[in-house]
Amino acid sequence: MFIKSAKFYDDFKVNKNYKLEAEQLRKIILNSNLKNCKILEIACGTGEHIKFLKNYFEIDGMDINPTFVSIAKEKNPECNIYQGDMRNFLIQKKFDVILCLYGAIGYLVNTMELIKVLGNFKNHLNDNGVIIIEPWFSPNNWLANKIHNTVIENEAMTIVRMGFGSPEGKIKFHYLVGKSNGIEHFIEEYEFALFTDENIRDAYTSIGLKSTFLSDLIFKKGIYINNRN
């Protein structure tokens, strides 16, 4: 996932308001009566949320993509940024807050894997800690059979990305990257699970988490806040 396109990731997210998202997360964390807490952001990408949250909390990050890890480390040299897979990572410490944002939980293939991953999150959580998850699309709001296109232009290059989502949750992206030395074309494909709200809540309950869903946030799909029962 994001193999050849990883170095362009921030170009495509230039309009994403990481600062405001981080501020909303800060308030949610403080409202959970967690102060001076330690945070782990799973699937942290290029470290943009970390860049803002580190001003208030001790925060580490983890991502499966080595390019993302490298970029996140450059942005946040004072933070621990691990390379790891949410399915089986093991960090030798526990955290008060575990974040998994931007629909990254959708990379899991089925509910059994979801339960396993959430269990691993819980294993890295302190007793009074919380798990905050921003979901991916559900079957009800997934935009299947629709073309999405984005154009990025700057002094160094022009990038055109065109994507198509299949009904079962797969996405195929075509990239055209134009620079002074020519044009490159490549394709990346991703497969997502379209979990229902019931799927997600059942998974939380099965591992002993009490879940609250918050909407009306800058996070368009809302977020789940999960505490130990």
Residues being in a loop (DSSP other than H, G, I, E, B) and either touching a residue at least 40 places away in the same chain (Cβ under 8 Å) or charged (D, E, K, R) (or both): count how many of those fall in segment 45-56.
2
Which one of these is within 16 Å of ILE28 (Cβ to Cβ) and in contact with a helix residue (DSSP H, G or I) (Cβ under 6 Å, 6 or more places away or on another chain): ILE115, ILE98, ILE132?
ILE98
I'd like to verify a number: residues in segment 60-111 that are closer than 20 Å to TYR190 by Cα and among the hydrophobic types (A, V, I, L, M, F, W, C), how many?
11
Being exposed (fewer than 11 other Cβ atoms within 10 Å of the Cβ) and either of a type outside the set (Gly, Ala, Ser) or at pLDDT 95 or above (or both) narrows it down to one of GLU198, GLU188, so name that one.
GLU198
Residue that is nearest to GLU113 (Cα to Cα), among those in segment 190-212 that are assigned to a strand (DSSP E or B) and not aliphatic (A, V, I, L, M):
GLU191
Assess whether GLU155 counts as being without any contact (Cβ under 8 Å) to a residue 40 or more places away in the chain, farther than 22 Å from GLY103 by Cβ, out of contact with any strand residue (DSSP E or B) (no Cβ under 7 Å at 6 or more places or on another chain) and in a loop (DSSP other than H, G, I, E, B).
yes
Pick from segment 109-138, criterion loosely packed, with under 14 Cβ neighbours inside 10 Å and not in a strand (DSSP E or B), ranking: modelled with the lowest pLDDT
VAL109
Could you count how many residues in segment 148-160 are farther than 30 Å from GLU113 by Cα and surrounded by 12 or more Cβ atoms within 10 Å (Cβ to Cβ)?
6
Per the filter on segment 118-162, residues of a type in the set (S, T, N, Q) and under 17 Å from the mean Cα position of the chain (by Cα) are ASN120, SER138
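The values are calculated or read from the model by the stated rules, or taken from the named source; none is laboratory data. Because the structure is predicted, anything quoted here is derived from the model rather than measured. Ideal geometry is used to build each Cβ from the backbone, glycine not excepted, and the neighbour counts take in all protein chains shown.
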